[in-house]
Amino acid sequence: MSSYVIQPPPFGDSAVAAAARRARDQAEAARDLALQAVADAEAVLASVDGIALTGRKIETRHSLEGGGNLSADRMLQLVGDVAEPGALRLYGTGADGARGWFPRSVNRVRYLASASHTITPGARAVLVRLVGGGGGGGGGARQVLGLSTSGGAGGGSPAFLERIYWAAEIGAVLDFVVGVGGAGGSGATIDGTAGTAGQPGTFSSVASNGAPLLYAFGGGGGAGGGLAIAAGGGGGAGFLGAGGSATGATNGAAGAIGGVAGNVSNSAEGAGAGGGSGASGAVGGAAPAGTYTAG
């Protein structure tokens with residue numbers, strides 16, 4: 001029978017156990033260090049708890065308030081602010097300079113005659129709309145039974161112009177001149193008599209500090225109804241000129257830049273021709289020399 005001898009490992013069980021113990025001791029030491037670090041941090045926090053940080057502060061100015069040092073909680077807000085200012089309100093200053101929420105308002109003014117307008121204090125911009133005077137229609141002719149005749153023609157349309165001005169670029173007062181529509185021609189009351197022509201409309205304008213800003217020219221007058229001839233319509237106003245008045249069967253010329261000439265009737269019988277349409281836009285031309293008068 002053979003016999004065997006089992007040899008232990010070179011370092012034996014005692015070396016493995018020693019290594020395990022060292023690893024355990026190191027882990028426990030690391031845990032103790034971590035616990036001590038937590039305790040130290042809590043001690044530091046406890047030592048500063050309740051200390052007023054008066055050396056630091058939040059400064060506010062102008063429309064913001066609520067600042068101060070950090071000895072207490074701070075809430076920043078707008079001067080004059082409220083929890084629910086309401087719909088369509090704007091934050092700004094009132095007529096007395098106080099800050100707060102104010103209704104969003106638009107001051108609309110309509111002038112049917114020449115006048116001066118003072119711009120609302122605090123306004124940022126002004127929208128100006130001008131309409132010139134329309135041309136008057138011509139009066140109808142009168143003829144004996146059986147002979148051809150025509151009615152008076154229509155007057156030309158005036159120009160319509162609008163433009164936005166910043167309040168800072170114009171004066172505080174605007175002077176408006178409101179154009180007047182041309183008088184209509186008189187219809188004939190005696191047989192064999194032509195109607196009289198309508199008168200042209202005058203221009204509308206606005207000026208600031210005596211300096212013209214915008215013009216809207218008037219339409220031309222329509223021709224009176226003729227005897228056996230057609231009546232021409234007045235010309236529509238343009239950006240740079242008034243519409244021309246018609247003469248007999250000749251239609252009124254178009255106003256410069258944007259105006260439309262008056263129409264011409266196709267027949268010497270019946271209604272007169274219609275007037276031309278005026279320009280519409282956001283620019284204005286120079287005024288005719290010597291025609292401006294502040295309202």
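Throughout, read-outs are computed from the coordinates displayed, never taken from laboratory work. The shown structure was predicted, so the numbers you read here are calculated from the model rather than taken from an experiment. Positions of Cβ are generated from backbone atoms using ideal geometry, with glycine treated the same way; all protein chains shown enter the neighbour counts.
Here are the numbers for the structure shown:
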read-out	value
Summed side-chain charge close to Ser63 - residues other than Ser63 whose Cβ falls under 11 Å, Lys, Arg +1, Asp, Glu -1	0
Cα gyration tensor shape for the stretch 154-219, rounded if a/c is under 1.5, else prolate or oblate	prolate
Note, ³J(HN,Hα) from phi for the stretch 106-114, Karplus 6.51, -1.76, 1.60, rounded to Hz, x at Gly and Pro	10, 8, 9, 10, 10, 10, 9, 8, 4
Calculated FRET efficiency for the pair Asn69/Val38, C-beta based, R₀ 41 Å, to 0.05	0.85
Relative packing of 162-168, 205-211, 221-227, which averages over residues the other C-beta atoms within 10 Å, highest first	221-227, 205-211, 162-168
Positive-end residue of Ala125, Ala72, Gly86, charge dipole of the stretch 29-134 with Cβ unit charges	Ala125
For the stretch 106-219: rounded, prolate or oblate by the Cα gyration tensor [a/c cutoff 1.5]	prolate
For the stretch 184-257: rounded, prolate or oblate by the Cα gyration tensor [a/c cutoff 1.5]	oblate
